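Note sheet for the following structure.
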Amino acid sequence: MILAVHLTPSLTRERYDEVVRRLTGGKERIESPSDLPFDGLLAHATGEGPHGFVVVDVFESEEAVGAFRTALGSIPADVGIAAPPDFMPAHTVYIAPPR
């Protein structure tokens, strides 16, 4: 599994929201795997922290990361996000089953 953490000054909630709209064909939020034009995203979370807006993703594989990058294309740069996420092998991932 691959962990992606995106925290950079150019990543704002407004820019993130615009990326989501462009990636999902107009949806306001990612709520289901079917909202995305690629497979392999296991978990996605965002929030406003003390250092800015942050996005954390868990991908099932390097192939899923590649599909994510292909689907995103130039969208982040087009909306003004200057730096990509940091990707790293996940040490521990726990995703609770639905209740």
Evaluate the distance, in nm, between pseudo-label points positioned 7 Å from the Cα of GLU28 and of SER74 along their respective Cα→Cβ axes.
3.0
Could you give the dipole magnitude of the chain about its Cα centre, charging the beta-carbon of Lys and Arg +1 and that of Asp and Glu -1, in debye to the nearest 20?
160
What nm value, rounded to one decimal, do you get for the distance between GLU63 and GLU14 when each label is placed 7 Å out toward the C-beta?
4.0
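Rank ILE30, ILE81 by accessible area, highest first, at a 1.4 Å probe radius?
Result, largest first: ILE30, ILE81.
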For region 47-99, the accessible surface attributable to carbon and sulfur atoms (probe 1.4 angstrom, ligands and nucleic acids excluded) amounts in percent to 58
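What number comes out for accessible area per residue over the chain if the probe is 1.4 Å? Units Å², please.
I get 65 Å² per residue for this part.
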Binned Cα-Cα distances of region 1-61, short to long, each 5 Å bin given as a whole percent:
4, 18, 26, 27, 19, 7, 0
Over the chain, what is the mean sequence separation of C-alpha contacts under 8 Å (at least six apart), divided by residue count, expressed as relative contact order in percent?
42
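The values are calculated or read from the model by the stated rules, or taken from the named source; none is laboratory data. Computed from a predicted model, the values in this text were never measured in an experiment. Neighbour counts are summed over all protein chains in view; Cβ atoms, including those assigned to glycine, are modelled from backbone coordinates with ideal geometry. Areas reflect the complete protein model, heavy atoms only, side chains present, ligands, DNA and RNA absent. Shrake-Rupley method; radii C 1.70, N 1.55, O 1.52, S 1.80 Å.
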